[in-house]
Amino acid sequence: MKIVAVRLALLALVLAAWELLPRHGIVNPLLLPPLSDVLRALGDQLLRPQVHEAIAVTAAEVMLAFAIAVPLGAALGVLIAESEYLGQVFKPLLFYVFSIPKSIFLPMFILVFGISFAQKVAYASFTTTFVVLMSAATAVESVKQDYLLVARSYGATRTQVLLRVYVPSMMPLLLEALRISMIFNFTGVMIAEMYASRTGIGHLIAGWGENFQMTQLFAGVIVLAAVAILFNEAVRWMETRVSAWRA
Amino acid sequence: MAGVIHAIEVEGLSHVYGGAVSALENISFSVAAGRFTVIVGPSGCGKTSLLMMLAGLRAQSQGTILCQGRPIPGPDPQRVGVIFQEASLYPWLTAVENIEFPLSLRGTPKNERRKRAGAMLELVGLAGFGERYPHELSGGMKQRVSIARGLVQDPPVLLMDEPFAALDEQTRMTMGHELLRIWSTTSKTVVFITHSLTEAVYLADEVLVMSARPGRIIDRIAVPLPRPRSYDMMATDVFGRLRDRIWQQIRKTP
């Protein structure tokens, strides 16, 4: 309880500083507009059809990329963790590729897909697939051999081993992977939109930044932060529910 | 021996890893129904491999294994129950759900499962702890749950792979005593693996001593101590001599 009070006090302090420091000219209000101005801009922006469209486009890109990357990455991850041969062939290669910053491939995606919806989705799912793949492989390897041996000694079929041992044993790690991959996924879409785009929140934010419209820029940041934190917390809540036994 | 029913018969069993490393060499023994046999040997002597083969979890290179008079080509939980080392309970299931697990794999109805798991909990002295998760139980209690899980399908043969190895000495002795109490009410054939000499003599009708790799049976020792066993038997000459004989055998092997 005390901790929560301290957290809230800290938040209030930051918000107050955001309002008062630029208001009194201690911080240049052109670079950091006061909070109340930003909130007013946020209200105005949320009424504009152009912003609605941008939000819809970004949301669609994020969700579609996620829907492609998660099953794809999970399937590939399980495959290289389960097959010793595939694991030995591909794991080092995947580690090499994983270490490369994915944004350097963005121009290639533009050449292939053009500046389009498909390009954003393709690029974001490309970056996210790697994260999911690595986490899924780790999750499979985290399942103790003893657990599998017990199930086999009691005559479990392959399907039963999968559903009754692998899935519950991996669930906490999988949810964590889901949460982290969404962070990468969101980042992927934002980078693609800010780099080259005609619509989407990332495009609007990049435009506001270039035109020095700082109140609008911060309003956009608030919207994005809210959405990202909300998703993260939702998955985290599921995580704690599914992994009560891990205490 | 005519007239004796053997629950387990092993004949000329050998095992070679990767075509080169000989792990088990010409192992033959039999266990009469209802008897408690302990296999003791240094680490790496292949005693766990032997147990896995008895359970149908691993194939041998050579030789035959008969369990209740029939070969055991794969896991057969109705015939053979296996009890593993401490960490083998599923942490995401409660104690009672862990005990029910073997039954639920076979699609036993829930009521029936609960009833039998409850009876097992009582048998191992954990009535009232069914809803606890493994991390809420002590090491000894976890092992009681593990024993209950091995017994729930009522197999005539029970194989135990160093089940108390992770426990402290006192808990280990108590659990051994408990196991004998449970065994005496269920008349199972037990093959129990350990590297503790005291545990071996205290529990067994017969002790089989294995050598270091390649694992061979180098001695068979009948334990003439009466049942039920009690802790003060450990102080007797007979107990000391038997333990010493096993130690001498194990020490001889490199």
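The values are calculated or read from the model by the stated rules, or taken from the named source; none is laboratory data. Quantities reported herein were computed from a predicted structural model and do not represent experimental measurements. Here the Cβ is made from the backbone with ideal geometry for all residues, glycine too, and neighbour counts use every protein chain on show.
Here are the numbers:
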read-out: Among (1) buried (at least 18 other Cβ atoms within 10 Å of the Cβ); (2) more than 14 Å from chain B (Cβ to nearest Cβ); (3) not β-branched (Val, Ile, Thr) - the single one A:LEU93 does not satisfy; value: (1)
read-out: Residue that is of a type in the set (Ser, Thr, Tyr), under 21 Å from A:GLY87 (Cβ atoms) and within 14 Å of another protein chain (Cβ to nearest Cβ), where the choices are A:SER142, A:SER135, A:SER153; value: A:SER142
read-out: Residue tally, condition without any contact (Cβ under 8 Å) to a residue 24 or more places away in the chain, exposed (fewer than 12 other Cβ atoms within 10 Å of the Cβ) and either part of a helix (DSSP H, G or I) or among the aromatic types (Phe, Trp, Tyr) (or both), over the range B:219-240; value: 3
read-out: Of all residues making up the range A:66-95, the number that are closer than 17 Å to A:ALA124 by Cα and of a type in the set (S, T, N, Q); value: 0
read-out: Among residues of the range B:132-156, those that are part of a loop (DSSP other than H, G, I, E, B), crowded, with 17+ Cβ neighbours inside 10 Å and not aromatic (Phe, Trp, Tyr), counted; value: 5
read-out: Residue match in the range A:168-181 (condition: touching a Gly at 6+ places or on another chain (Cβ under 8 Å) and either surrounded by 20 or more Cβ atoms within 10 Å (Cβ to Cβ) or not in a helix (DSSP H, G or I) (or both)); value: yes
read-out: The range B:68-82 residues that are more than 13 Å from every other protein chain (Cβ to nearest Cβ) and in contact (Cβ under 8 Å) with a residue 24 or more places away in the chain, paired with ones that are part of a loop (DSSP other than H, G, I, E, B) and surrounded by 10 or more Cβ atoms within 10 Å (Cβ to Cβ) (beta carbon under 6 Å, 6 or more apart); value: B:GLN68/B:ARG79
read-out: Test for B:VAL145: is it more than 10 Å from chain A (Cβ to nearest Cβ), within 21 Å of the chain's Cα centre (by Cα), closer than 23 Å to B:VAL40 by Cβ and among the hydrophobic types (A, V, I, L, M, F, W, C); value: no
read-out: Identity of the residue in the range B:83-94, at the interface with chain A (Cβ under 9 Å from one of its Cβ atoms) and at pLDDT 90 or above, that ends up surrounded by the fewest Cβ atoms within 10 Å (Cβ to Cβ); value: B:PRO91
read-out: Only listed residue being under 21 Å from the mean Cα position of the chain (by Cα), assigned to a helix (DSSP H, G or I), away from chain B (no Cβ under 14 Å) and modelled with pLDDT under 90, chosen from A:ALA219, A:ALA228, A:ALA192, A:ALA206; value: A:ALA228
read-out: B:PHE164 closer than 15 Å to B:SER88 by Cβ and either at pLDDT below 90 or not in a helix (DSSP H, G or I) (or both); value: yes
read-out: Residues of the range B:95-113 classified as within 10 Å of chain A (Cβ to nearest Cβ) and buried (at least 21 other Cβ atoms within 10 Å of the Cβ), total; value: 4
read-out: Of the criteria (1) part of a helix (DSSP H, G or I); (2) modelled with pLDDT of 90 or more, which one A:VAL235 fails; value: (2)
read-out: Output for the range B:26-48, where each listed residue is at pLDDT 90 or above and surrounded by 18 or more Cβ atoms within 10 Å (Cβ to Cβ); value: B:ILE27, B:PHE29, B:VAL31, B:ARG35, B:PHE36, B:THR37, B:VAL38, B:ILE39, B:VAL40
read-out: Residue check, A:VAL242 in contact with a Lys or Arg (Cβ under 8 Å, 6 or more places away or on another chain) and either at pLDDT below 90 or among the hydroxyl-bearing types (Ser, Thr, Tyr) (or both); value: no
read-out: Qualifying residue in the range B:193-205 (condition: among the small types (Gly, Ala, Ser), assigned to a helix (DSSP H, G or I) and without any contact (Cβ under 8 Å) to a residue 40 or more places away in the chain); value: no
read-out: Residues that are under 14 Å from A:GLU176 (Cα atoms), surrounded by fewer than 13 Cβ atoms within 10 Å (Cβ to Cβ) and aliphatic (A, V, I, L, M), drawn from the range A:200-243; value: A:ALA234
read-out: Scan of the range A:139-159 for residues that are part of a helix (DSSP H, G or I) and either at positive phi or surrounded by fewer than 16 Cβ atoms within 10 Å (Cβ to Cβ) (or both), ordered by number; value: A:GLU141, A:GLN145, A:ASP146, A:LEU148, A:ARG158, A:THR159
read-out: Meets criteria (without any contact (Cβ under 8 Å) to a residue 40 or more places away in the chain and farther than 21 Å from A:LEU64 by Cβ) for A:MET194; value: no
read-out: Residue match in the range B:172-186 (condition: in a loop (DSSP other than H, G, I, E, B) and touching a Gly at 6+ places or on another chain (Cβ under 8 Å)); value: no
read-out: Odd one out for B:PHE129 among (1) within 12 Å of chain A (Cβ to nearest Cβ); (2) of a type in the set (Phe, Trp, Tyr); (3) surrounded by fewer than 20 Cβ atoms within 10 Å (Cβ to Cβ); value: (1)
read-out: Top-ranked residue in the range B:54-67 [being out of contact with any strand residue (DSSP E or B) (no Cβ under 6 Å at 6 or more places or on another chain) and buried (at least 16 other Cβ atoms within 10 Å of the Cβ); ranked as nearest to the other protein chains (Cβ to nearest Cβ)]; value: B:LEU57
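Conditions tested, residue by residue: (1) within 29 Å of A:LEU46 (Cβ to Cβ); (2) touching a helix residue (DSSP H, G or I) at 6+ places or on another chain (Cβ under 9 Å).
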{"residue": "A:PHE126", "(1), (2)": "no, yes"}
{"residue": "A:ARG158", "(1), (2)": "no, no"}
{"residue": "A:TYR166", "(1), (2)": "no, yes"}
{"residue": "A:PRO172", "(1), (2)": "no, yes"}
{"residue": "A:LEU175", "(1), (2)": "no, yes"}
{"residue": "A:ASN185", "(1), (2)": "yes, yes"}
{"residue": "A:MET190", "(1), (2)": "yes, yes"}
{"residue": "A:GLU193", "(1), (2)": "yes, yes"}
{"residue": "A:THR199", "(1), (2)": "yes, yes"}
